[in-house]
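The values are calculated or read from the model by the stated rules, or taken from the named source; none is laboratory data. Note that the coordinates shown come from a computational prediction; the quantities given were computed from them, not determined experimentally. So basically every Cβ, Gly included, is an ideal-geometry build from the backbone, and we count neighbours across all protein chains shown.
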Amino acid sequence: MATVTTLPPTHNATVSYARLYGALEGYAVVTPTGLVFVDHDQHLYALGAEHAAALTLLAPVHGVERANVLAALAQAGEVCG
């Protein structure tokens, strides 16, 4: 798992509630270029295949909440990138 320093493009992104390793809850964002996990403290992690297997997708996120998650990603990308 690696901390994300540059964000993949979020157009056409799928956002889901997710649990990583059965304990860490947050959002999984699937983009055309990769998978990012966002915890509730807005820490971003790029997940490779070895960590993606430990990810449980719980339910899709739609509407305003999806927009808020993507906006938080964009803001974090501006700060970290």
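Points to keep in mind about this one:
- Check on Val69, modelled with pLDDT of 90 or more and within 12 Å of the chain's Cα centre (by Cα): no
- For segment 8-49, the tally of residues that are among the small types (Gly, Ala, Ser), out of contact with any Gly (no Cβ under 8 Å at 6 or more places or on another chain) and either in contact (Cβ under 8 Å) with a residue 12 or more places away in the chain or closer than 19 Å to Ala67 by Cβ (or both) stands at 7.
- Strands (runs of 3 or more DSSP E) within segment 20-81 that include 2 or more residues surrounded by fewer than 18 Cβ atoms within 10 Å (Cβ to Cβ) and in contact with an Asp or Glu (Cβ under 9 Å, 6 or more places away or on another chain): 24-31
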